[in-house]
Amino acid sequence: MLSRSSFTSLVVGVFAVYVAHTCWVMYGIVYTRPCPAAADGAAGGCVWPYLARRPKLQLSVYTTTRSSIGTESNIDLVLNVEDFDIESKFERTVNVSVPKKTRNNGTLYAFVFLHHAGILPWHDGKQVHIVSPLTTYMVPKPEEINLLTGESATQQIEAEKQTNALDEPVSHWRSRLTLNVMVEDFVFDGSSLPADVHRYMKMVQLGKTVHYLPILFIDQLSNRVKDLMVINRSTTELPLTVSYDKISLGKLRFWIHMQDAVYSLQQFGFSEKDADEVKGIFVDTNLYFLALTFFVAAFHLLFDFLAFKNDISFWKKKRSMIGMSTKAVLWRCFSTVVIFLFLLDEQTSLLVLIPAGVGAVIELWKVKKALKMTVRWQGLRPKFQFGAYNDSEKKTEEYDAQAMKYLSYLLYPLCIGGAGYSLLNVKYKSWYSWLINSFVNGVYAFGFLFMLPQLFVNYKMKSVAHLPWKAFTYKAFNTFIDDIFAFIITMPTSHRLACFRDDVVFLVYLYQRWLYPVDKSRVNEYGESYEEKSKKKS
């Protein structure tokens, strides 16, 4: 059986291999090997760019309720760019006529054609086109109300009807359409075409050489939830912003892989909103900063695992609560569960929700250990039994109770006052939403004060040897990483500010670690000391 140090080394080794493999895969995406025969001017086996001939092109955007078209019937032309220059960036806003079928919770598609100037797309054998839905289905966000002012009976009936309707997904309008054309005169090797780009390529035979037509791409990552609009039955026209920019081969391949990753998340059950959080990381972040984010996220995952492992290992072996604040453990459990329920009520991204849920389960288990609780079942009714504390543990409890007494004079008025203020001035979806928000605002704003009892116990005992420092260290690294993610991933503002609050608390713990050095001759709860262990080993 592997020792703990060997297991940790194995995990770190696997992590290093994973990072190296990711770097190699990313290099393979960004760098594409050109056709070797192209350097000698030979055409055999090479696929040449049609854009190198500098043809006169035209861009046309049509809309239709069908996902495929064969003729020009039942389609509407919404944008026509003659003498289209693939090197010039532009953005235009057009009004799109919304058919009755789309207004009745239907769909609408955009067909984007790139074809020779002066020729209709379906008469041009060298045209390329791509299809993108302009609508998507989502459950609208429920309207918030003032809980104290109340509503009349008519308003309540309307609200109930609206609530029932809001349970079903409705058609939303995508107000942006972002187009790209790969402009590099890159010569591909016909025997090893990249699979990601190949599905966007259309080949033509010109004489003895094979050419690929312009690669047209629609950036789906730019379609954000915040830009969606509910399509009402009375709406006849909606605005559509069409933007164009050129794109390099490396970025095109990278963007294709990212879109496939987001699509895979949705196939695994992620909602449109969850996928939107991932899109925001790619779209709203600089490419170099995005690469840094990938590595930071990988280290965050590693430190999360090591922190959970060491924390569970520490509490699994814990037999005594000497020097440990029971109140702090209880508060940490309560605050973690409240934060999880708040994030669930706010429909936060699963990237934030899942770690919060796992943390809540671990904190509940630690409370069971701290209170020495055992559960026995009498039929279907559980019976809880609590263990007794020894004299040293009772002394710790006295310090803990003393700290909580002083803390309650400050904390309770602040929490009650904040809850009353929000009830009077802030709108909520329901009383449950107000209750959870009040609890979580107290946790975020004043929650760090509940960490003070442990600092007070450390001060009274003049020791920090009883704390799980390995888990603290890994959590500290993650706290600093969370400071970075606080500006990248969409989350409630109060949750974002709480990331910086934890930094301050950890710095105080570090100061106490320096102030109260570990006495290696002190006997621990197992009746052993560090010096005795060293003698036994020698």
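Couple of notes before you dig in:
- Lone qualifier among Lys372, Lys368 - being assigned by the TED database to the domain that holds Asp311 and either open to solvent by less than 70 Å² (accessible area, probe 1.4 Å) or touching a residue at least 24 places away in the same chain (Cβ under 8 Å) (or both): Lys372
- Hey, Leu343 open to solvent by less than 20 Å² (accessible area, probe 1.4 Å), part of a helix (DSSP H, G or I) and more than 30 Å from Phe303 (Cα to Cα) or not: no
- Matching residues, region 117-142, being closer than 14 Å to Leu59 by Cβ and surrounded by fewer than 16 Cβ atoms within 10 Å (Cβ to Cβ): Ala117, Gly118, Ile119, Leu120, Ile130
- Residue in region 386-399 that is surrounded by 13 or more Cβ atoms within 10 Å (Cβ to Cβ), among the basic types (Lys, Arg) and closer than 30 Å to Leu344 by Cα present: no
- Residue among Ile231, Ile218 that is over 17 Å from Val30 (Cβ atoms), under 25 Å from the mean Cα position of the chain (by Cα) and at pLDDT 85 or above: Ile218
- Residue that is modelled with the highest pLDDT, among those in region 163-187 that are more than 19 Å from Leu51 (Cα to Cα), part of a loop (DSSP other than H, G, I, E, B) and of a type outside the set (Gly, Ala, Ser): Pro169
- Residue within region 403-418 that is surrounded by 12 or more Cβ atoms within 10 Å (Cβ to Cβ) and outside any helix (DSSP H, G or I) present: no
- 1 or more residues on the phi > 0 side of the Ramachandran plot and in contact with a Lys or Arg (Cβ under 8 Å, 6 or more places away or on another chain): qualifying strands (runs of 3 or more DSSP E) within region 17-126: 76-84
- Each residue in region 70-96 was checked for being more than 37 Å from the chain's Cα centre (by Cα) and more than 21 Å from Asp245 (Cβ to Cβ), and 8 of them qualify.
- Listed by first and then second residue, the pairs with beta-carbon distance under 7 Å, at least 6 apart or on different chains, first residue in region 53-65 and over 16 Å from Asn80 (Cβ atoms), second buried (at least 20 other Cβ atoms within 10 Å of the Cβ) and modelled with pLDDT under 95, are Thr65/Thr102; Thr65/Leu108.
- Scanning region 145-162 for residues that are at pLDDT below 60 and out of contact with any helix residue (DSSP H, G or I) (no Cβ under 7 Å at 6 or more places or on another chain) turns up Gly150, Ser152, Ala153, Thr154, Gln155, Gln156, Ile157, Glu158, Ala159, Glu160, Lys161, Gln162.
- Subset tally (residues that are within 21 Å of Lys460 (Cβ to Cβ) and touching a Leu at 6+ places or on another chain (Cβ under 8 Å)) for region 372-419: 4
- When Ser320 is tested against (1) exposed (fewer than 12 other Cβ atoms within 10 Å of the Cβ); (2) of a type in the set (Gly, Ala, Ser); (3) outside any helix (DSSP H, G or I), only condition (1) is not met.
The values are calculated or read from the model by the stated rules, or taken from the named source; none is laboratory data. For clarity, every value in this text was computed on a predicted model and none was experimentally measured. Methodologically, a virtual Cβ is constructed for each residue, glycine included, from the backbone with ideal geometry; neighbour enumeration extends over all protein chains shown. Just the protein is used for accessible areas: all its heavy atoms, side chains included, with ligands, DNA and RNA removed. Shrake-Rupley method; radii C 1.70, N 1.55, O 1.52, S 1.80 Å.
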